[in-house]
Amino acid sequence: MKRTGGSNEAKRRAGEAAADRVTDGEVVGLGTGSTAAHAIRALGRAVDSGLDIRGVPTSFQSRDLAREVGIPLTTLDEATPDVAIDGADEVAGFDLVKGGGAAHAREKYVASAADRLLVVADDSKLTDALAGPVPVEFLPDARAPVAAAIREAGGEPTLRAAERKDGPVVTDNGNLVFDCAFEAIDPEPLAATLSAIPGVVEHGLFVGLADAVFVGRADGVERRAPPLSE
């Protein structure tokens, strides 16, 4: 589910700061969501000014926006991203919960393929520890066994309902999403447990992928990076 909070100005600052790190000739993974959209728009303006890049979109939304602002597009079949820019629903250190827009499967394989992942977020997304819920995309026919396995792992799955139509949210991949509540999240072992459940396509725990986090605030942007990424 989407999480609200944070000013549009803070999101804009974060997105534009990350976009400024993209250099000529790079292939860029284009994330999904309101903060990543600011980065895409900034990259579109840079392309209009002569920056030579190609984008790999992570959703129908990001593909449409990239086309609107004039970013040439490619695919993972044709190119490997040098950098991916994406938002997050929660940020604890450099671990993330993503998937509020139900695009986390494509977001994860683009981020994993990229040489570096730049996370953009306003300061309302910062937390001391991830609390979830954790989105889990799954094959529709596997709903019952996936739900049982999540409960066995200590979670409580809730099928994500669409907001403007009857029925569940359907991802760009044609799958369904559980939002899974856990009493406590230990990111690395829980990520491994969820990944091992048959029928799960992908989950929203992004562990060990972020190379930098750009935190937008009312008065500027803070860049955070693990020691080896400085």
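Residues that are open to solvent by 20 Å² or more (accessible area, probe 1.4 Å) number at least 3 in the following strands (runs of 3 or more DSSP E) confined to the stretch 150-230: 155-159, 176-182, 200-203, 220-224. Kindly indicate whether any position in the stretch 92-104 is farther than 13 Å from Phe206 by Cβ and under 14 Å from the mean Cα position of the chain (by Cα). Yes, because at least one residue in the stretch 92-104 is farther than 13 Å from Phe206 by Cβ and under 14 Å from the mean Cα position of the chain (by Cα).
Residue by residue, here is whether (1) open to solvent by 10 Å² or more (accessible area, probe 1.4 Å); (2) modelled with pLDDT under 95; (3) out of contact with any Gly (no Cβ under 7 Å at 6 or more places or on another chain) holds:
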position	(1), (2), (3)
Asp89	yes, no, no
Phe94	yes, no, yes
Gly99	no, no, no
Lys108	yes, no, yes
Ala113	yes, no, yes
Arg116	yes, no, yes
Ala121	no, no, no
Ala129	yes, no, yes
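Candidates are the residues of the stretch 72-87 that are acidic (Asp, Glu) and open to solvent by 30 Å² or more (accessible area, probe 1.4 Å); the one that is nearest to Ala111 (Cα to Cα) is Asp82. Residues of the stretch 156-183 that are of a type in the set (Gly, Ala, Ser) and at pLDDT 95 or above: Ala161, Gly174, Ala181. A search for C-beta distances below 9 Å between a residue of the stretch 140-166 that is over 20 Å from Gly100 (Cβ atoms) and any residue that is open to solvent by less than 70 Å² (accessible area, probe 1.4 Å) and basic (Lys, Arg), counting only pairs 6+ apart in sequence or on different chains, returns nothing. Can you pull out every residue in the stretch 5-43 that is closer than 20 Å to Thr171 by Cα and either modelled with pLDDT under 95 or more than 16 Å from the chain's Cα centre (by Cα) (or both)? Result: no residue meets the conditions.
The values are calculated or read from the model by the stated rules, or taken from the named source; none is laboratory data. Note that this is a predicted model, so its numbers are computed, not measured. No Cβ is skipped: glycine too gets one built from the backbone with ideal geometry, and neighbour counts run over all protein chains shown. With ligands, DNA and RNA removed, areas are computed over all heavy atoms of the protein, side chains included. Shrake-Rupley method; radii C 1.70, N 1.55, O 1.52, S 1.80 Å.
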